[in-house]
Amino acid sequence: MEQITNYLYALDDLLWGTPMTVLVLGMGIILTLRFGFRYQRKIAFNAKNTFGTMFSEGSGAGSISGFRAACTALANTVGTGNISGVATAIVSGGPGALVWMWVSAFFGMSTKACEIIIGQRYREHYQKSMDEYVCDRSFVLKNAFGWKKGAVVLAVFCFLFGPWTCSVQTEAVTSSMQEAFHISPLLMDIIIGITCFVTIWGGLKRISDVMSKAVPIMAVLYLIMGLGVVVLNFREIPNVILLILRSAFSPTAAAGGFAGATVRDAIQYGVARGIYSNDAGTGYGMIAHAPAKTDHPVRQSLWGWGEVFLDTMIICSVTAFTIIITGSYYTSEATSGALTTIAFGNAYGAIGSKFTAIAITVFAWTTIIGMYYTCEKSVNYAFGDTELNRKMRPIYMIYYMIPCVVLYNIEADTIWAFTDILSAAYVLITVFIIIAKHKEIFRLFDDFWKRYLPEKEAGKNPQMVSFDCAENRKS
């Protein structure tokens, strides 16, 4: 096992080295410039067309509302990456890793928007087996490039290996609940497995319904607790900010249980954990937002701003400030969810540890469910809109849950290394798709801002722009 772990570390370092960092950030910067910083600077417009439409069913073809699609996406983003991922980023990259999480998130808003536009553009309507609009990387490879064989290979890869990243979630739950409540890891593992399975059995409608309730409530409660730590220690904020900024551009010295970190470590772990947390560039955005009802793909893409902003700029920052203010990252040798649990315990006492453990459990639970939906799309592609697809879904549910209940006690760093490797593969595929279809993305982007929206605001009735590649291949 130690030898396997060392191989994973080596491959992780290779994939998330300087080339990947330059590729991901570089693409985000180029897209942001091309979009004129629209996703970053038009905050009022973005908020009105996303959070301002939370209770609207939306218009146009689709399976669920734009808000429910966003909550399904947020189940992937607002999760243990915000708690455990931030903790491992700071332990491995130092406090400065937070700066690079911010940087990747700022430009990642544009990348996430591209994924959503692509998902809406190349989706299909599965009417026979599930009556649902679907899309993922495989659907795009087929509908945008005509690569049917390559799409099948990718689909098989995704539905075979995707579930194994969920062991990150169960490890975080079992370690934090053991830290806070002294509950047996095996018992928590069984509870997570059963409750997640019951939820995903209900399909997209049940998943989106649960996510639209659980994610916002838990996110708000977690933010209140985290901001409480910041307010109670407001005198430390200037020093914490200086430490974060200084550590982002200069090596961080070892202290206590913290081994120290180089600038390269800060960048690598900041970008990698940032992408894992907000999913910008992984391709999950095209999956979660494909079934959304919307009048234009670019309007739905505005949710990408909200997801990334809430996930990284707000929740990840709150977690990082809590860990740094309490000094937990160098006074304890813990990592992952256990470190964040200790940090809140240092701030609030036993009640803080218990609350964090509960938050991690809920976030991990929703992430496992949200991840199932993304992996299922690969199954849908592989078996097509057929009766076999309908029969295979229950079987795949069982397979999907196996890693969650088997790998819960593997060392956290090993699990994160494996997760980083899979994330890197997803990122490379997604980057290729965005670059190859950039003209179509820009065409739709310009159509929304230069034609559709002006006509809409002028009181005219412009035709909705939606696609269903299953029926209109030449749209």
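Simple spin-label model, 7 Å along Cα-to-Cβ: ARG34 to PHE55 in nm?
3.9 nm
For segment 266-407, with every protein chain kept in place, what is the accessible area per residue (1.4 Å probe, Å²)?
Here the residues of segment 266-407 average 24 Å² of exposed surface.
Using the Cα centre of the chain as origin and beta-carbon charges of +1 (Lys, Arg) and -1 (Asp, Glu), tell me which of ALA155, GLY66, MET101 is placed farthest towards the positive end of the dipole.
GLY66
How large is the Kirkwood hydrodynamic radius of segment 152-305, in angstrom, based on all distinct alpha carbon pairs?
The Cα-based Kirkwood calculation yields 19.8 Å.
In whole percent, and with a 1.4 Å probe on the protein chains, what portion of the accessible area of segment 395-465 is carbon and sulfur?
61 percent
Which ³J(HN,Hα) values, rounded to whole Hz and listed in residue order, are derived for segment 54-70 from phi using the Karplus coefficients 6.51, -1.76 and 1.60 in 6.51 cos²θ - 1.76 cosθ + 1.60 with θ = phi - 60°, glycine and proline given as x?
So the Karplus estimates, Gly and Pro as x, are 4, 9, 9, 6, x, 10, x, 6, x, 9, 9, 6, x, 5, 5, 5, 5 Hz.
Quick one: putting +1 on the C-beta of Lys and Arg, -1 on the C-beta of Asp and Glu, what dipole do you get for the chain around its Cα centre, in Debye to the nearest 20?
For the chain, the charge dipole is close to 1620 debye.
Based on the mean of other beta carbon atoms within 10 Å per residue, what is the order of 120-126, 213-219, 182-188, most packed first? If you can, show how the numbers build up before the last one.
On the way: 120-126: 24.7, 213-219: 17.6, 182-188: 14.0.
The most tightly packed comes first, giving 120-126, 213-219, 182-188.
What does the highest-first list of 268-281, 311-324 look like by mean Cβ count within 10 Å? Working shown, then result.
On the way: 268-281: 29.4, 311-324: 24.6.
Order by mean packing, descending: 268-281, 311-324.
How big is D for segment 296-449, in µm² s⁻¹ as a whole number, if Stokes-Einstein is applied with the Kirkwood radius of its Cα pairs at 4 °C and 1.567 mPa s?
Details: Rh = 19.2 Å.
D, rounded to a whole number, is 67 µm²/s.
Expressed as a whole number of Å, what is the distance separating the alpha-carbon centroids of segment 104-147 and segment 349-404?
For segment 349-404 versus segment 104-147, the Cα centre distance is 19 Å.
Divide, for segment 322-400, the radius of gyration over alpha carbons by 2.2 N^0.38 Å, where N is the residue count.
1.68
Taking R0 as 56 Å, what's the FRET efficiency between LEU186 and GLU440 from their Cβ-Cβ distance, rounded to 0.05?
Once the sixth-power term is evaluated, E becomes 0.70.
Which residues in segment 386-406 have a backbone N closer than 18 Å to a point placed 7 Å from the Cα of LYS148 along the Cα-to-Cβ line?
Output list for this probe position: 386-389.
Using alpha-carbon pairs under 8 Å, 6+ residues apart, how would you state the relative contact order of the chain in percent?
Contact order relative to length: 34 percent.
Would you pull out the residues with amide H under 5 Å of ILE183's amide H, same chain only if 5 or more places away, H placed 1.01 Å from N?
Here GLN178 satisfy the definition.
For a quick protection proxy, order the peptides 24-33, 109-118, 232-241 by their average other-Cβ count within 10 Å, most packed first.
109-118, 24-33, 232-241
Only one of the listed values, (1) 0.98; (2) 0.93; (3) 1.31, was derived from the coordinates as Cα Rg over 2.2 N^0.38 Å; which label is it?
Here the calculated entry is (2).
The values are calculated or read from the model by the stated rules, or taken from the named source; none is laboratory data. No experiment lies behind these values; they were computed from the predicted model shown. Reconstructed Cβ throughout: ideal geometry from the backbone, glycine too, with neighbour counts over all protein chains shown. Ligands, DNA and RNA are excluded from the accessible area calculation, which covers all protein heavy atoms including side chains. Shrake-Rupley method; radii C 1.70, N 1.55, O 1.52, S 1.80 Å.
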